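Remarks on the structure that follows.
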Number of protein chains: 4
Amino acid sequence: MASKAYLHELKAAVIGTGFIGPIHVEALRRIGVPVVGILDATVEQSEMAATQLGIPRVYKDLNELLDDDEIDSVHIATPNRFHFEHASACLKAGKHTLCEKPLAMNSDESAKLVALAESAGVCAGVNYNLRYYPLCVESADRVRKGRVGALHHVSGGYVQDWLFKETDFNWRVLASEGGELRAVADIGTHWLDLIQFITGQEIVSVCADLHTVFPTRQRPIGATETFSGKQITPDNTESVAIDTEDAGNVMLRFENGARGVMTVSQVTAGRKNCLRFELAGSKQALAFNSESPNELWIGHRDEPNEVLIRDPALMSTPASNVTSYPGGHNEGFPDAFKQIFLDFYGQILLGEDAGEATFPSFADGHREIVLCEAILESHRKQAWVSLS
Amino acid sequence: MASKAYLHELKAAVIGTGFIGPIHVEALRRIGVPVVGILDATVEQSEMAATQLGIPRVYKDLNELLDDDEIDSVHIATPNRFHFEHASACLKAGKHTLCEKPLAMNSDESAKLVALAESAGVCAGVNYNLRYYPLCVESADRVRKGRVGALHHVSGGYVQDWLFKETDFNWRVLASEGGELRAVADIGTHWLDLIQFITGQEIVSVCADLHTVFPTRQRPIGATETFSGKQITPDNTESVAIDTEDAGNVMLRFENGARGVMTVSQVTAGRKNCLRFELAGSKQALAFNSESPNELWIGHRDEPNEVLIRDPALMSTPASNVTSYPGGHNEGFPDAFKQIFLDFYGQILLGEDAGEATFPSFADGHREIVLCEAILESHRKQAWVSLS
Amino acid sequence: MASKAYLHELKAAVIGTGFIGPIHVEALRRIGVPVVGILDATVEQSEMAATQLGIPRVYKDLNELLDDDEIDSVHIATPNRFHFEHASACLKAGKHTLCEKPLAMNSDESAKLVALAESAGVCAGVNYNLRYYPLCVESADRVRKGRVGALHHVSGGYVQDWLFKETDFNWRVLASEGGELRAVADIGTHWLDLIQFITGQEIVSVCADLHTVFPTRQRPIGATETFSGKQITPDNTESVAIDTEDAGNVMLRFENGARGVMTVSQVTAGRKNCLRFELAGSKQALAFNSESPNELWIGHRDEPNEVLIRDPALMSTPASNVTSYPGGHNEGFPDAFKQIFLDFYGQILLGEDAGEATFPSFADGHREIVLCEAILESHRKQAWVSLS
Amino acid sequence: MASKAYLHELKAAVIGTGFIGPIHVEALRRIGVPVVGILDATVEQSEMAATQLGIPRVYKDLNELLDDDEIDSVHIATPNRFHFEHASACLKAGKHTLCEKPLAMNSDESAKLVALAESAGVCAGVNYNLRYYPLCVESADRVRKGRVGALHHVSGGYVQDWLFKETDFNWRVLASEGGELRAVADIGTHWLDLIQFITGQEIVSVCADLHTVFPTRQRPIGATETFSGKQITPDNTESVAIDTEDAGNVMLRFENGARGVMTVSQVTAGRKNCLRFELAGSKQALAFNSESPNELWIGHRDEPNEVLIRDPALMSTPASNVTSYPGGHNEGFPDAFKQIFLDFYGQILLGEDAGEATFPSFADGHREIVLCEAILESHRKQAWVSLS
């Protein structure tokens, strides 16, 4: 591919048109990267999405997409079990690849993808978009600069209610589709990635206790999209045994000796999509809630606590760099997508001039899968498990 | 123009590239409407914006833009004093026109624009984007459906801190550039429009007391963009006398006898862009804060108060129709732009099939200017003024 | 009376046993001042209260109480229309007198009481207890020390819902019992006193618009206590015409030129007893909500906003002096009573050694009544009224 | 003792005059129970406290106190290591006994106290005052009545900052004075008691990971009172090795299979005294924060979340019974003391007529110590430990 100077000179394609695929399309357009191609499981689905979203090219399969020389980058928004296959193919075809998390179904696969990514000479990222909430970047910057002091403790978690009822169903509840871990892998992994990003500390051991609140769920006859179960009442359902966790707790130890604990739940009424952390350092504490992402609580012992509003005039440079609107003009979930894409595509444009990539890498995605495997092992053993 | 079925078949142009113009560009792209042309005060500015934003066509003047038959719609994001001229020209050229507020500099101008819009046979809207916060639509729906009961009282206002210091400067502080009212016209008018939209009640009389906290301000030698004063320290400034208001209170009476009061301020430290209302009805009360736009407080006398999260599964149909993301996936200021544009362009595509337009009309824009004139008159007289 | 060194050496009596009288008794006991006598409208009521509250002496009338030489101080917690008579008698009898607000029914009465208090040589206070929320004292201290800067603007008010329904009834709704102003006099006057205390600025003119939402109310056959209407459903009611206001707005001008606005309402569903202020100065802004009285919001333009917790280790000396519990051990409404009583009785014990009294004086109480009369006049004229 | 009908006919004594003893005195007085005697470690300390607090009788030792036949009840507010000795003596002397938590230093002691209490024929309670926050009682009532549904998960903890610095010191940090557990025993035990009270579910197994952030602390030459370290800077200090935990996490399993996790910390900057829980049931979720104890969050899946204000008109009967003030008139930490005392002394007055005691019993106090021992064992083994 010839060198390009502007975002609007790039061309992207998106695979997968469920909940998250259209969010990729929208964010790409916001930043001015044209989305020229789309691919879903069937040609019918692909064509329907292309029409709805206004995307010019519909591919009949992944090979056709990868053969399209005009495509610079591919966004993988397919179900988890396809990530390895799709990401491998994209990398081998020399496409810049941004993959939804989890990067793969197990650490063998993700290790292979890391190796592939290293040799592929393209940008390869995993969409841990929550890192791009400006006040999460601000938190990380405060740790880096020593403003938080030595990290003692982190608590929090990620809690939702979209699988609150036995009649709530989605492919993710089936181990065969989404993997043996569910709440931890779907949402816990966002928290674990975010906390390691912010603290700069690796998690070195885990002790987990997971809980399948509904041992059976009612599956609609016919498919259900993510998050849509809340609004649709299916006519007919069948009972399905569930072995993935609805909720759980994981105690953590970090490389510097700090302790942590994470709660995940998809069955807590009233919490819609609520990632929270409270991080205690030797100089100050930080607390964040993704349902109020424009505020960062900064705790002090000897002076009033602070509430920092997401305001480019008040934040550090790294945080200001990932926000677009003035203070008080709230940004939210779609804006985090926009910012991670700006980072990813900025790297594509600048290439080696950009320095080391700052977006979440395939190595980060692999680390998360190793961590999930340790969590599952710990739960099964009901004991602490160290990450080697 | 031939009938078009999809947003991506339309073509938009934007006039003005200051603070708000690029926000229009981004929101148009999000909804899939191509922005094909741009115009600013000088060709140099237009070309710079086109390059930065990736817009293909640069016009040398408004006539050239209006002569471009491919352009379906024009967004007017120029300084207030040009709105009348630009909107008139766009309407006369048969372009769908979305104008930033205020619609004009006085009610003579705005009345002419209303007449023009009625005869032009195109969509003509004023960008009162705050109506499109889903929980503001929810509030309006609750009033319409009688859930709030008879309206008794509304309080609140719009408070900011970007002109907090004598050294903060922007063209808006000069009556010659922005109009004789400033805080009321710039931000108060958003509140007044929103409250009338939500309550369905016209304001029939006003009693205002306005306050110019800084009788002089320091103007940088060289221009300053909106909201950028906070981050830039100019080398040289000159003292300029200011006669527009920094803050003020306005008491209100509504057509049904309800009372209200609005506070505006651009000099309240710590409030970045904070529109609040508290609406008391005979059945329930509602409270909203634009700095937490994903939450609506619903007050009850005989049962617990509620906090309704912006969740399409929990809101009324009209509110769900103006939101894109599930509950807990926060939306914010840019999303309100997206939704007003979806409404405006949906009307363009459907034409008469869409029924009566629901976006803020030129008549709404005119009503606001009449209201502002009454507020200014009331302040000068220090007495109540009725709107005829 | 002989000089006494300790609170437990003093003896207090309380007149009135409705909502507020028992609160006085409880707070007196907390601070160790024995409550030895009680008086209500009838001997039966007095005896019932004495038994319930465990108070040894029951007086048959005020004269008997005032003749009791052991009584050092009298707390007047009777209906408003008796305050003048009771306070006059107490002062003339040489008793330290703490009177509930309003001090009297009109400014003639209150002026006389001020004169009496000056000559009586005893402590005479009005129970503006809200001044004693530690974070209100902190706010006042910040203004005094110049930390807030020059005052620009104050907004807020006092909003409740205990008279939300047409069937809510209390003697206070009748002008003949409580005075011609109701919401302003009952709760607005707390706000007005508090704001003048905090800002150190007198209000010099007012412009009011009041609103009687329910022109008639249903009076139970038989009496109703304050705040108890919410829980009791009377068997029989009669319709009574109401001319006191349920709600209202008052615009204010302060002696330094600052502007303000106060909203009062007793008909806003969900706000139980909600006094709020937002005070904008040239250096910082302060915001307080009496429903969260352990937090003070401090707004900044160029650094993060702060939330100061009521913590003696973090507050100024004057604020720490009126709080008893460490940070995080919340104090509330009854604690403000405790603190105002500690101040009042500290002055009694120390006498002239205490320096000038810091509790709200009869002069403060008079000033409030003058202000209320100006508000009523302004409302009737629908015009600004200056306080001479 | 002869039967008594009124609180003011009882007579109480208090042992211990540190942080918590005077709080007992104040709360006893609020409810009208005379405090007639005081005892501290030395006669000098006792006399100083008696003078400051206005208490008539000073005992030279515990025997003298217990020999005082007029004393009905004793409050034990001494350091933890004396609780067993003091409570045993009080029970043997036939005094109603209210002991500060922890009930004893180990479960052998506390088991003996339970047996003693059963045979003593007096009221014997442990001061788990936090149960008496009205909204905690409301939470328990909602669980009992099935409104919360089946309990799935509880998270939260108790976090403070008063030992945030290496220079913060108090006798509690020494295992020899306060016991081998510190944060768990001092504050965690409040949370554990409260959660079991609310859920009605016993904890059946625990997995703990505790953390001594400061392996040494600086001890002032001379004693330091609880919570006073924040405000006093000692002249001279000596370094002392610390082996009690500053922070920790404990995973929990409840008898019904629900999972839980508790975080404790005394080193989290900005959290002054912050007990939080989030309780997920199959019908609704509840969340509470002791720093805002007048609000209970009630989470719903299919309707708006609620925020219940502590308002007797809105709460269940059990919750209304433990609150004194109307909604919006905030209560706080001292009010929870008042309410537990009202419950304890109500039982004393009514005797067997009162039915089964509802205040926290010595059996509850013993259960907490057993739980703490399991937590310590779990931490040392780094493994799950079951409670037999």
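Quick one: net charge of B:Ser3's neighbours, Cβ under 13 Å, K/R +1, D/E -1?
Taking every Cβ under 13 Å from that of B:Ser3, the sum is -3.
Roughly speaking, what is the centre-to-centre gap between the stretch A:326-354 and the stretch C:311-335 when only Cα atoms are used, to the nearest Å?
Between the Cα centre of the stretch A:326-354 and that of the stretch C:311-335, the gap is 45 Å.
Ordered by packing density, taken as the mean number of other Cβ atoms within 10 Å over each peptide's residues, highest first, how do D:346-352, D:208-214, B:212-218, B:19-25 rank?
D:208-214, B:19-25, B:212-218, D:346-352
What are the nm distances, shortest first, from D:Asp353 to its equivalents in the other copies, labels at 7 Å along Cα→Cβ?
In nanometres, ordered from closest: 4.8, 8.0, 9.1.
For the pair D:Lys60/D:Lys92, report the inter-label distance in nm, with labels modelled 7 Å from Cα in the Cβ direction.
It works out to 2.0 nm between the two label points.
For chain D, what is the relative contact order in percent, using Cα pairs closer than 8 Å and at least 6 residues apart in sequence? Walk me through the numbers on the way to the answer.
Values: 840 pairs, mean separation 77.7, N = 388.
Computed value for chain D: 20 percent relative contact order.
Quick one: check the C-alpha center-to-center distance for the stretch C:24-69 versus the stretch D:25-69, whole angstrom.
Cα centroid to Cα centroid, the span is 26 Å.
Hey, got the average number of other protein chain Cβ atoms within 10 angstrom for residues in D:330-339?
6
Work out the mean other chain Cβ neighbour count within 10 Å for the residues of C:151-160 and drop it here as an integer.
Numbers: counts 0, 10, 12, 1, 11, 2, 3, 0, 7, 3.
Average per residue, whole number: 5.
Residues of the stretch B:7-129: accessible area per residue at 1.4 Å, in Å²?
36
If you take every residue apart from B:Ser88 with its C-beta less than 10 Å away from the C-beta of B:Ser88, what net charge results, scoring Lys and Arg +1 and Asp and Glu -1?
Every neighbour counted, the sum reads 0.
Rolling a 1.4 angstrom probe over the protein chains, ignoring ligands and nucleic acids, what is the accessible area of D:Ser88 in square angstrom, nearest 10?
Accessible surface of D:Ser88 is approximately 10 Å².
Please work out the Cα center distance from the stretch A:279-308 to the stretch B:114-168, rounded to the nearest Å.
Going from one Cα centre to the other spans 33 Å.
With the label 7 angstrom out along Cα to Cβ, how close does C:Gln218 come to the same site in each of the other copies, in nm, nearest first?
Ordered by increasing distance: 4.2, 6.5, 6.9 nm.
Convex hull volume of the Cα atoms in chain B, per residue, in Å³?
About 142 Å³ per residue, rounded to a whole number.
Tell me what chain C gives for mean residue ellipticity at 222 nm when only DSSP H runs of n ≥ 4 count, each as -39,500 (n - 2.57), the sum divided by the residue total, rounded to 500 deg cm²/dmol.
-9000 deg cm²/dmol
Over the stretch A:263-388, what is the relative contact order in percent, taking alpha-carbon pairs closer than 8 angstrom and at least six residues apart?
Rounded, it is 10 percent for the stretch A:263-388.
Got a number for the accessible area of A:Arg29? Probe 1.4 Å, square angstrom, nearest 10.
Probe radius 1.4 Å; accessible area of A:Arg29 about 40 Å².
Of all DSSP beta bridges located in the protein assembly as shown, what percent are antiparallel, nearest 5? Don't jump to the answer; show the numbers that get you there.
Details: 184 of 280 bridges.
Just about 65 percent of them are antiparallel.
B:Glu44 label points, 7 Å along Cα→Cβ, one per copy: pairwise distances from this copy to the rest in nm, shortest first?
6.0, 8.4, 9.3
What ranking of C:Ser139, D:Ser176 comes out by heavy-atom accessible area, probe 1.4 Å, highest first?
Sorted by accessible area, descending: D:Ser176, C:Ser139.
At a 10 angstrom cut-off on C-beta neighbours, averaged per residue, how do the peptides B:119-130, B:40-51 rank from highest to lowest?
Numbers: B:119-130: 21.9, B:40-51: 16.0.
Ranked from most to least packed, the peptides come out as B:119-130, B:40-51.
List the aspartates and glutamates whose Cα sits under 17 Å from the Cα of D:Lys92, skipping any in the same chain fewer than 8 residues away.
D:Asp61, D:Glu64, D:Asp67, D:Asp68, D:Asp69, D:Glu70, D:Asp72, D:Glu109, D:Glu118
Let me confirm one metric for peptide C:88-95, namely the mean number of other chain beta-carbon atoms within 10 Å of its residues' beta-carbons.
Counting Cβ atoms of other protein chains within 10 Å of each residue's Cβ and averaging gives 0.
Using the beta-carbon distance between A:Asn236 and A:Met48 and R0 = 25 Å, what value does 1/(1 + (r/R0)^6) give for FRET efficiency, to the nearest 0.05?
So, using R0 = 25 Å, E works out to roughly 0.55.
If we count every other residue with Cβ under 14 angstrom of A:Ile375's Cβ, Lys/Arg +1 and Asp/Glu -1, where does the sum land? Before the final figure, lay out the partial values.
Details: positive: A:Arg182, A:Arg253, A:Arg367, A:Arg380, A:Lys381; negative: A:Glu180, A:Asp186, A:Asp193, A:Asp209, A:Glu245, A:Glu368, A:Glu373, A:Glu377.
Residues near A:Ile375 contribute -3 overall.
Given a cut-off of under 8 Å on Cα pairs at least six residues apart, what relative contact order in percent is computed for the stretch C:7-129?
Contact order relative to length: 22 percent.
The values are calculated or read from the model by the stated rules, or taken from the named source; none is laboratory data. Note that the structure is predicted; figures quoted are calculated from it, not measured. We place every Cβ from the backbone using ideal geometry, glycine too, and count neighbours over all the protein chains shown. Ligands, DNA and RNA are stripped out before the accessible areas are found, and what is left, the full protein with its side chains, is counted by its heavy atoms. Shrake-Rupley method; radii C 1.70, N 1.55, O 1.52, S 1.80 Å.
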